[in-house]
Every structure is written in structure tokens, then in C-alpha cells.
């Protein structure tokens, strides 16, 4: 954890400790009202939403105290109050610490039919439409697939396709240059390599083949040399990081993105893969929901945004949403958690 992150976490703890029950209730009411309306919140509105049996003047005094703690700001002298990023962080902490059972997001992920890419694209779109934010997947999902078997099939006079079938039925293919192996040799290599890598991830299978090459270096078995050669090619790294985005049109409904330039910058941050990976490196951890708000993102173009994401365990990579800081965290967090668990289960 960076020093800056540590300081921010420490400040959040200090702020939490400084809040009386009344201040906390008023803060939560202001945040929820602002999320719903996108307008500065007046003391009367906060009093009604909080349900506190106190006057608007008492709530106004509490809001002034929250402003002193830098949890609320006032855009104009006569305007209501707006939550700061620190207020949103406390609100998210409250939601996570009081999380109820995860609810289904509504739209199904669809029938992927063994196609990992279709599943991940469907998950990104499902998140977009369930949350009203831009859903995404990033990573190399194939890297952590557990291999059940591998087949080599000639697809051209100088090309062979490796068909990798996972224990969950996901199919991945790789085509590589090869012209010396007969059909019988490809069948034998398929059987031997399947026995060698069954139950391993792609990363582990590559290591097993590399280790076996060292052990067999002194042998003169031509068939095993063919198996290892095909294995190295068929299990080769997929160099390209996969990025799937949901429906960006949903962001047009957000007041924060009426500025077309702001929307363009957000889209650029997600489609430029290196920027996206840097954006998510602090929030992607298997089985943990990561929330980064505003300055937490350290990424040009998304300073007024928030990212909620989760790692996908055996699937590799992560899935989540990006949208304005003012988003329905009470809906988005369970949605991301639910979709990430269902996608992770698919790859198990």
C-alpha cells in the first residue's frame, strides 16, 4: 500500500471517529439525496430523508459541522451542500460494512456456449444496463483456464490449430505454423500432451512442458520431441490483453457527462489498455470488491469518476464499472459482486 493510500485510509478512519451518530445520519442522508438528484442538498431535504426527529435548523447546524470536517462543500452562498470525495468514501465504507445478501443484477449473462469471449462481453453489457454505468472486463482470461485436454488439428498445409478445452467446457484456439507432422502424429501428440497437462492452468502447463523438455533432452524419442514442439506452440502466450466494454451510451444519461469532452476522456482511459491496467491495479483483487473514487484513480481524464471492480479468480483479470463519483453504490457494488462471482464460477 502506498504512503498516499495509507494517509487517505488513516484520514478516513479519523473522520469516521469524529462523527457522532447524528452527524453520520445527516451525512448519509445528504449523500443519498445528492446521488438521487445531482443537486446541492438543502437542510430541509436532508432532514426529511434522514428521518431524524429534529428541526431543519438542527440539521443545518450538523451540515455546517460536516463542512468543517471537509465532508460537505457549498458551491454558492445561498446553495445547499454537496458531498466531497471523502464523504463518498465514508458512505461506501458504511455500505460495505452493512452489506446485506447479494441480490441478482436482473439481466442474465446469456448462453456463452463454451465461448469465453462471448461470456465476458455479455457480462460487461449486463453490468452496463444493470447499473447505468460503463461495464468493462480487462485481463487475459485464458491464462487461468484449467485444461482438460488439448487437440491438434491441421487447418492448412502449413498451419495447425491447437484446441484447448477447459474443465468448464471453455474452448480456446491457437493457430501456428507447422508443416512436418502427419495426421497420425498430431493425434498421438494430442493424447500424450493431454495426459501431461490435464488439470493444469495454461501458465502451469507451459512450465510443465518446459520442465519435461529439460528431462527428455538426452532421449532420442522423436515422437516426444514432436509433442514438446507442438506443446510449446499450442500453449504459447496470448500477447494481447483483452478489454471488453459494455454500452457506453448509458453514460449519456448522467448529468456529469453532458460535457462531451469529459465522456471522450473516460472512454479513452478505458480503451487505451496500458492506462486501463494502471487505473485498475489498485482495485483488482480476487474475491474483493475494490472501490476507487476521484483522486484515488491517479489517472488523467477520470478525476471526477469512480471505479468499482472485482478480480475474477481462476478466470484472471477483473470486471467492474466506471462512472461519475455520484453513482448508486448501493446498487452497483452488489451488481459487480454478483456478476464477478458468476463469471468466476463459470471458469472453475
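The values are calculated or read from the model by the stated rules, or taken from the named source; none is laboratory data. Bear in mind the structure is a predicted one, so any value in this text is a computation, not a measurement. When we count neighbours, we look across all protein chains shown, and the Cβ atoms used for this are built from the backbone with ideal geometry, even at glycine.
Okay, residues lined up against (1) exposed (fewer than 15 other Cβ atoms within 10 Å of the Cβ); (2) under 30 Å from residue 343 (Cα atoms); (3) at pLDDT 85 or above:
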site: 188; (1), (2), (3): no, no, yes
site: 200; (1), (2), (3): no, yes, yes
site: 218; (1), (2), (3): yes, no, no
site: 223; (1), (2), (3): yes, no, no
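In summary, residue 207 fulfils each of the numbered conditions (1) modelled with pLDDT of 70 or more; (2) assigned by TED's automatic domain parsing to the domain that holds residue 311; (3) out of contact with any strand residue (DSSP E or B) (no Cβ under 6 Å at 6 or more places or on another chain) with the single exception of condition (2). Considered as a group, the residues in segment 237-247 that are over 13 Å from residue 139 (Cβ atoms) and surrounded by fewer than 20 Cβ atoms within 10 Å (Cβ to Cβ) include one that is modelled with the lowest pLDDT, and that residue is 239.
Can you name every residue in segment 141-167 that is modelled with pLDDT of 80 or more and surrounded by 20 or more Cβ atoms within 10 Å (Cβ to Cβ)? The answer is 147, 150, 152, 160, 162, 164.
Selection of segment 33-53 for residues being buried (at least 19 other Cβ atoms within 10 Å of the Cβ), touching a residue at least 40 places away in the same chain (Cβ under 8 Å) and in contact with a helix residue (DSSP H, G or I) (Cβ under 6 Å, 6 or more places away or on another chain) yields only 41. For segment 117-128, which residues satisfy the criterion of being out of contact with any strand residue (DSSP E or B) (no Cβ under 8 Å at 6 or more places or on another chain) and modelled with pLDDT of 85 or more? 122, the sole residue that qualifies. Every listed requirement among (1) at pLDDT 75 or above; (2) surrounded by fewer than 17 Cβ atoms within 10 Å (Cβ to Cβ) is met by residue 250 save one, (2). Looking at segment 258-313, which of the residues that are assigned to a strand (DSSP E or B) and over 19 Å from residue 128 (Cβ atoms) is modelled with the highest pLDDT? Restricting to residues being assigned to a strand (DSSP E or B) and over 19 Å from residue 128 (Cβ atoms), the top hit is 293.
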